[in-house]
Every structure is written in C-alpha cells, then in structure tokens.
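Engineer: Structure incoming, see below.
The values are calculated or read from the model by the stated rules, or taken from the named source; none is laboratory data. Just so you know, these numbers come straight off a predicted model, no measurement behind them. Here the Cβ positions follow ideal geometry from the backbone for every residue, glycine too, while neighbour counts run over all protein chains shown. Each accessible area value is taken on the protein alone, full model and side chains, heavy atoms only, with ligands, DNA and RNA left out. Shrake-Rupley method; radii C 1.70, N 1.55, O 1.52, S 1.80 Å.
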Amino acid sequence: MVNPNKNIRIFGIIELYVTKLLSDEPGSEPTYDEANKIKVAGVNSLTYEGNLEEIKGRGDERVCETEYADDDAKVTFESLYFPLPAAQMINGGEIVESAEEVEYFGPGPDEVGEYFKIEAITKPRREKITIYKNRGRLEVKGMNGKQFMNATFAGTAVHTQGNIQGKPRRHSLKKTNYAMYAGGARQIETATVAGTISTAGNASVTVTASGLVGTPKEIPVAVALNDSAAVVAQKIREALASDTAIVALFEVGGAGAAVVLTKKTAAANDATLNIAIANDTCDGLTDAPTSEDTAIGQAG
C-alpha cells in the first residue's frame, strides 16, 4: 500500500553542486561558502523522500480536525566522480597527499560532516532544485583516479532555522532554462581515440591551454596489448583526472572513445586549447594531433 504521507520524487540530474553551510540563524537568511562551491560529476539521479507528519486534534473523544506538518526528508544520490574535497566536507575524515598518491581516510565513529546545500539542474525539464540543509554519510565504493571516488550519499534534509523567502525552508524547485553557471559559456574540447594497441607501452597525450601549468603538458598513459580505442580513452580520462594541473582548470569526462575537457568556469574562448593523442612507446593508435572545439567559451 502506498503511504499517503510520503512524497517521493526521483530527479534525473544534469549538474549537481554542493556548498558548505556557514550560518543558519533564526530570522536571518542562511549563508553558504559560495566561493568554494564544488561540482559533483557523474550524478545521474537524486531521490527525495519527504515525510508529512499527521497531527490530529481531538475533542469529545473523536477527531475534530487533522493537520499535516512537513517533516524532514531523506536524500540520496550516487556519483562516480565524487571530488575528495566534497567528500571531506560531507563526510569528515582526512585527505593525505604525497607525490605518488592521494589517500582519503574516512571519518571516525564520532565524526559528523558539515551541513551543506545541494543545487542541481534536473532533466528533462531543466528545473533547478535547491535543498538547503543536508547532513549525512557517504558509502565509499572505490577510487576513480587520484582525485575522485565512487560514492553514494544518503542523508537527511531538514528545515533551515533562518528564513528563505520569509520562512524556514527545506527545498525549492523552479523552472529554468539556464545551467548553474550564470552568464557566459564554458568551453568544451573533445578528442577521439582511434586504433587498437598492437604493441604495449605508453600513449602520449598532450594538452595545450592558456593558463595550464606546464603547457603544452605531455602526459604518458600506459596501455596494454589489444586495448581498444574505448579502453585507451578510459585510461586517458583517468590519467587526466589524476593530474592536478589539468583538474585545476578542467572537468574530465567523455564516454566510449571520446576524451572531453570542459572548462570549470565560463570565460572567453581559448583558441590554443587542444588535446593531441599519439603513440609514444606503444603502437596501434592513429595519431590525432588536433581535437574538436565542441563548445566555444564565452565570458559572462
């Protein structure tokens, strides 16, 4: 039987961001660490399960009236590329980085993460959902590259103490035709891997970009005999996502044989941006010296 006091919605997600709650005082608008808003990539859906508390007024040994109060809600979402700083903000714990590796030590039994805000653009209707005050824990399933993890957030959304539009709020939903970045457009560059590895070794990936430390930056990627184009592309994506200079400027994505770099901020188009792929000590790849300008950057 369906519980009439449950409000369950599953949102398809285009973009999702988390932001630390700084203050939440009664009568004031909550404040957030907007300068350090973090994008959580690889989120396909978010489940929001609200509760309505039934309050019955009785008199003369019978129910005279019934009211419903909006109680807390359960929120869950999974990310294949959960940034470690976001994991630390939500889950607590510690990040330890060396030249060779990055380790994430999860929270102790008494550690509780920060309250934070979730903002997301939904699909296909492109609504913006904001859930103002969340707290919970991550179930970590593994690492994806050096800076990201595969993790599921499961937590509780509660009402703010402060006022949003005059009242304490738990969430809002509004129609929008715009992505989370206000104004401008983020530049997107796509390289496509072609060929099958006939001699194991290293492929060479060279990223050129204005503002990139070490540009043109060459990154060796180990490949194995008979690796297909899709397998090589995945190894390239993992190598790029593990490079601190690359992820300082770009989000790394793509699927199949595609390797995609998306500028993290809207800015004027960088005509030098390029991803070149070639054989180094390996054989079998078709050299791809020039990548495709998938989306032109534009300042806000």
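Engineer: Can you tell me the accessible area per residue over the chain, all protein chains present, probe 1.4 angstrom, in square angstrom?
Structural biologist: Per-residue value: 51 Å².
Engineer: Which far-off residues, 5 or more places away or on another chain, put their amide H under 5 Å from the one on GLU15, with H placed in the peptide plane?
Structural biologist: For GLU15, the qualifying residues are ILE121.
Engineer: What does the helix-only formula give at 222 nm for the chain: each DSSP H stretch with n ≥ 4 adding -39500 (n - 2.57), the total divided by the residues, and the result rounded to the nearest 500 deg cm²/dmol?
Structural biologist: About -2500 deg cm²/dmol.
Engineer: Follow-up. Mind giving me the FRET efficiency for THR286 and GLU25? R0 is 51 Å, r the Cβ-Cβ distance, nearest 0.05 is fine.
Structural biologist: Plugging the Cβ-Cβ distance into 1/(1 + (r/R0)^6) gives 0.25.
Engineer: Work from the charge dipole of the chain (Cβ charges, +1 for Lys and Arg, -1 for Asp and Glu, about the Cα centre) and give the residue of GLY50, ILE246, GLY106 farthest towards its positive end.
Structural biologist: Positive-end residue among those listed: GLY50.
Engineer: Then there is this: Which whole-Hz couplings ³J(HN,Hα) result when phi for each residue of the range 148-165 is put into the Karplus expression 6.51 cos²θ - 1.76 cosθ + 1.60, θ = phi - 60°, listed in order with x for Gly and Pro?
Structural biologist: Those phi angles translate into 9, 9, 8, 8, 10, 8, 9, x, 10, 9, 10, 5, 5, 7, x, 9, 10, 6 Hz.
Engineer: Magnitude of the Cβ-charge dipole of the range 197-286, K/R +1 and D/E -1, about the Cα centre, nearest 20 debye?
Structural biologist: Dipole size: approximately 220 debye.
Engineer: So who's got an amide H within less than 5 Å of the one on ILE164, skipping anything under 5 residues away but keeping other chains? H placed 1.01 Å off N, in plane.
Structural biologist: Result for ILE164 returns ARG169.
Engineer: Pairs of alpha-carbon atoms within less than 8 angstrom and 6+ residues apart define the contacts here; what relative contact order does the chain have, in percent?
Structural biologist: Relative contact order comes out at 16 percent.
Engineer: Another question, then. Taking only C-alpha pairs under 8 Å that are 6+ residues apart, what is the relative contact order of the range 144-300 in percent?
Structural biologist: Reported as a whole number, the value is 33 percent.
Engineer: For the chain, with only Lys/Arg (+1) and Asp/Glu (-1) charged at the beta-carbon, what is the dipole magnitude about the Cα centre, in debye rounded to 20?
Structural biologist: 1000
Engineer: Now, a different point. Quick one: longest stretch of the chain between exposed loop GluC sites (Glu not before Pro), exposed meaning at most 12 other C-beta atoms within 10 Å and loop per DSSP?
Structural biologist: It runs 112-300.
Engineer: For the chain, take the longest principal axis of its alpha carbons; what is the angle in degrees between that and the long axis of helix 229-241, to the nearest 10 within 0 to 90?
Structural biologist: So the inclination is approximately 70 degrees.
Engineer: Could you work out how far apart the two model spin labels at GLU100 and GLN165 are, taking each label as a point 7 Å from the Cα in the direction of the beta carbon, and quote it in nm?
Structural biologist: Between GLU100 and GLN165, the simple spin-label model gives 5.4 nm.
Engineer: Same structure again: Given 0.36 nm per residue, what is the gain on full extension from THR76 to ILE296 after removing their alpha carbon distance, in nm?
Structural biologist: 75.8 nm
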